[in-house]
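*Asks:* Just passing along the structure, written as structure tokens.
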Amino acid sequence: MKLLNLEALTKSVVNRVVKVGNAEHQIKTLNVQQFLEILDETKEVQKLADAGEFTMPEEVRITTKIVGFALPTLSKVEIDSLDLNQLQAIAAFAKGEDVEGVTQEQTTEIEKNEDESQEGK
């Protein structure tokens with residue numbers, strides 16, 4: 001018998017964590033519905049750009065949505081308080097890119113908390 005363990009597949013993804021203030025937020029991968037929603041909106045923005053009607057606010061709205069999906073523990077108020085460079089850096093980091101400011105941490109607070117909860121079981 002062959003078995004595809006999707007849980008193991010998900011956990012094999014390198015952990016990416018964003019620190020905002022003193023809080024750490026683990027990046028979540030987009031599900032299919034979220035991916036398609038972003039793709040549809042991106043196509044609309046591309047149509048506007050091709051017609052010469054591109055607006056920066058539309059791009060920022062899509063990037064904000066991507067960040068919200070990727071960091072569900074980050075509130076809308078916190079996302080809206082980021083500057084544009086931070087917003088773009090988080091979106092790029094969520095896509096798997098290493099951006100300025102990325103460091104390799106041995107263990108994050110999130111991982112420490114996960115380890116402690118596993119020990120308690």
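The values are calculated or read from the model by the stated rules, or taken from the named source; none is laboratory data. Because the structure is predicted, anything quoted here is derived from the model rather than measured. When we count neighbours, we look across all protein chains shown, and the Cβ atoms used for this are built from the backbone with ideal geometry, even at glycine. Remember, those area values only see protein heavy atoms, side chains included, never the ligands or the DNA or RNA. Shrake-Rupley method; radii C 1.70, N 1.55, O 1.52, S 1.80 Å.
*Asks:* Among Val17, Val45, Val13, which is the only one that is within 20 Å of Glu105 (Cα to Cα) and at pLDDT below 85?
*Replies:* Unique residue meeting the criteria: Val13.
*Asks:* Taking the condition part of a helix (DSSP H, G or I) and either farther than 22 Å from Leu87 by Cα or modelled with pLDDT of 90 or more (or both), does Leu3 pass? Outline the logic, then answer.
*Replies:* On the way: part of a helix (DSSP H, G or I): no; either farther than 22 Å from Leu87 by Cα or modelled with pLDDT of 90 or more (or both): yes.
When the stated conditions are applied, Leu3 does not pass them.
*Asks:* It is to be established whether one or more residues within segment 68-81 are touching a residue at least 40 places away in the same chain (Cβ under 8 Å) and among the aromatic types (Phe, Trp, Tyr). Don't jump to the end; show me each part of the working.
*Replies:* We begin by selecting, within segment 68-81, every residue touching a residue at least 40 places away in the same chain (Cβ under 8 Å); these are 69-74, 78.
Now restrict to residues that are among the aromatic types (Phe, Trp, Tyr): 69.
Taking every residue of segment 68-81 in turn, at least one turns out to be touching a residue at least 40 places away in the same chain (Cβ under 8 Å) and among the aromatic types (Phe, Trp, Tyr).
*Asks:* May I ask you to list the residues in segment 62-101 that are in a loop (DSSP other than H, G, I, E, B) and at pLDDT 90 or above?
*Replies:* Leu71, Pro72, Thr73, Leu74, Ser75, Ser81, Leu82, Asp83
*Asks:* Let me ask something else. If I go through segment 57-79 residue by residue, how many of them are farther than 18 Å from Asn15 by Cα and open to solvent by less than 90 Å² (accessible area, probe 1.4 Å)?
*Replies:* Number satisfying all stated conditions: 11.
*Asks:* Tell me which residues, restricted to segment 89-102, are closer than 14 Å to Val20 by Cα and open to solvent by 50 Å² or more (accessible area, probe 1.4 Å).
*Replies:* Across segment 89-102, the qualifying residues are Gly101, Val102.
*Asks:* Please verify whether Lys19 is free of Cβ contacts under 8 Å to residues at least 40 places away in the same chain and assigned to a strand (DSSP E or B), treating the condition exactly as stated. Break it down stepwise before answering.
*Replies:* Details: free of Cβ contacts under 8 Å to residues at least 40 places away in the same chain: yes; assigned to a strand (DSSP E or B): yes.
Taking the combined requirement at face value, the residue satisfies it.
*Asks:* Specify which of the listed residues (Leu39, Leu48, Leu30) is in a loop (DSSP other than H, G, I, E, B), aliphatic (A, V, I, L, M) and open to solvent by less than 70 Å² (accessible area, probe 1.4 Å).
*Replies:* Criteria check complete, one pass: Leu30.
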